[in-house]
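The values are calculated or read from the model by the stated rules, or taken from the named source; none is laboratory data. From a predicted model like this one, the values you see are computed outputs, not experimental measurements. Cβ placement follows ideal geometry from the backbone for every residue including glycine, while neighbour counts extend to all protein chains displayed.
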Amino acid sequence: MDWLIERFAAAPERLAFIHEGREVSYGAVVANVNAFRARAASAGVTRGQTVVVLGDYSPEVFCTMLALAQLGAIVIPLTRQSVIEESVALGVSGCDWYIEFDTAGRGFSIGYRNLASDNALLAEFRQRGTPGLVLFSSGSTGKPKGILHDFNQVAEKFRKQRAPVVAIPFLMIDHFGGINTILAITASLGTVVTVADRAVANICSAIERYKVELLPATPSFLTLLMASGLYAEYDLSSLKRITYGTEVMPQSTLDRVRAAFPGVNLQQTYGLSEVGVLRSQSRDDGSLWVRIGGEGFQTRIVDNVLWIKSDYAMVGYLNAPSEFDADGWFNTQDQVEVDGDYFRILGRVTDMINVGGQKVYPAEVESVILDLDNVQDVAVFGEKHALLGQIVVAKIVLEQPEPVDSVKKRVRQACLAQLNSFKVPAKVVLAEGVLHSARQKKVRRE
């Protein structure tokens, strides 16, 4: 990653981070990388060793990861809200060294763990002599998977410098999308604005205060933003682009965002930890049709499912067989519709509800329900049924208390007016709290 550090060094006065009000220049980033590399080397960290970095976004966490990459270590970023238990993660990857940052993301400790792993893929990867990056899947469809990347290869995508922006890295640093975002911002010498608590009000406040231009978010977060009405209480006029991905966007949420931000470019993104984040172009701001691909990526459709071939693909799973075919194509498990060069993502095969042989995509039903008065959020999922296989269930969070029978009646009327009868929820459940994970991604289950 020497080219990236050299780029930083060539612009020492540019603002790299605003971390909880603290400004850090690219010159300071270079100095921190050098200091952390020296400290890690002095402690005994060597090429090919596995190093856990526990923390969230901060200049120091980022610098530590770059310093470890320069040493040729295999970096395992974890957060205190990780989707996988730490003991499970380390059981898969092993851990030679453990670096823990305090909650402010500034002070840290480093200790030798000597937790060995006899993983064959790691042993083979070490022969390359290049730095590694290990991320973990959420395990929503089974056992969490350890995903090994060549860290140099992940960063290489950003060697071509683009226009700098002021942006909030919304996804967490233990998520491929989070790593992708922070590398994209810094490789273009933009400014990273970090927010410790990703609550809607905190995000809005940071956008207003620091004149954020780019907000990469999830549909679940944007649904909450629209329901809260806080977008109208803060000055968000600095925003030039809002990107959304990681899950299917309800059309009703996209319509609301478009109405609330008429001058902002809305861009759907697409990527997976296994293949990287593809370049994307939405057909227009109000459309869920997107063209994806770009240099280093190929796409094809097999039985209405999207497959991707990527120059930035993972090295492999640490604890599962490869899901790439012999020619290097990866089955995304995403059902799509095709219109020329554009795709419309319908949903994961694993999220699809089968009602008597008929397919129901949760996002389609959620979009209708989100348009109803007094609905703050909704998660639609399937429940086993003796005769039909599954029935559609809608778990709803209301803005104000309302009898469940009244809600069910309104949901049924709205869905019957816009959807086939088999897509209408047979059961409506009222819930409190949030329907998304710490990653701001919809949780569809009982």
Scanning the range 322-344 residue by residue, the ones that are within 23 Å of the chain's Cα centre (by Cα), surrounded by fewer than 18 Cβ atoms within 10 Å (Cβ to Cβ) and either assigned to a loop (DSSP other than H, G, I, E, B) or touching a residue at least 40 places away in the same chain (Cβ under 8 Å) (or both) total 4
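Give me the strands (runs of 3 or more DSSP E) completely within the range 67-154, filtered to those with at least 2 residues that are buried (at least 21 other Cβ atoms within 10 Å of the Cβ), ordered by residue number.
Correct list: 74-78, 95-101, 132-136, 146-150.
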The lone exception for R7 - which of (1) free of Cβ contacts under 8 Å to residues at least 12 places away in the same chain; (2) under 17 Å from A184 (Cα atoms) it fails: (1)
Over the range 345-360, the set of residues among the small types (G, A, S) and either surrounded by fewer than 17 Cβ atoms within 10 Å (Cβ to Cβ) or not in a strand (DSSP E or B) (or both) is G356, G357
If I filter the range 399-416 for residues that are touching a residue at least 24 places away in the same chain (Cβ under 8 Å) and under 18 Å from F221 (Cα atoms), do I get at least one hit? yes
Scan the range 155-178 residue by residue and report those that are touching a strand residue (DSSP E or B) at 6+ places or on another chain (Cβ under 7 Å) and in a helix (DSSP H, G or I). F176, G177
If you take the residues of the range 280-298 that are in contact with a Ser or Thr (Cβ under 9 Å, 6 or more places away or on another chain) and closer than 18 Å to W329 by Cα, which of them is surrounded by the most Cβ atoms within 10 Å (Cβ to Cβ)? I292
Show the residue pairs meeting these rules: Cβ distance below 8 Å; 6+ apart or different chains; first residue within the range 309-321 and part of a loop (DSSP other than H, G, I, E, B); second residue among the basic types (K, R). Y312/K157; L318/K145; N319/K143; N319/K145; A320/K143; A320/K145
Filter the range 1-53 down to the residues that are surrounded by fewer than 18 Cβ atoms within 10 Å (Cβ to Cβ) and in a loop (DSSP other than H, G, I, E, B) and list them by number. A10, A11, P12, E13, R14, E20, G21, G44, T46, R47
Quick one: is V61 β-branched (V, I, T) and within 21 Å of the chain's Cα centre (by Cα)? yes
Starting from residues that are crowded, with 18+ Cβ neighbours inside 10 Å, in a helix (DSSP H, G or I) and aliphatic (A, V, I, L, M), keep the ones in the range 392-433 and report whichever is nearest to the chain's Cα centre (by Cα). V411
What about K160, is it among the basic types (K, R), under 28 Å from the mean Cα position of the chain (by Cα) and under 30 Å from S188 (Cα atoms)? yes
Does the range 60-78 contain any residue that is modelled with pLDDT under 90, under 22 Å from N180 (Cβ atoms) and in the same structural domain as L122 (by TED's automatic domain parsing)? no
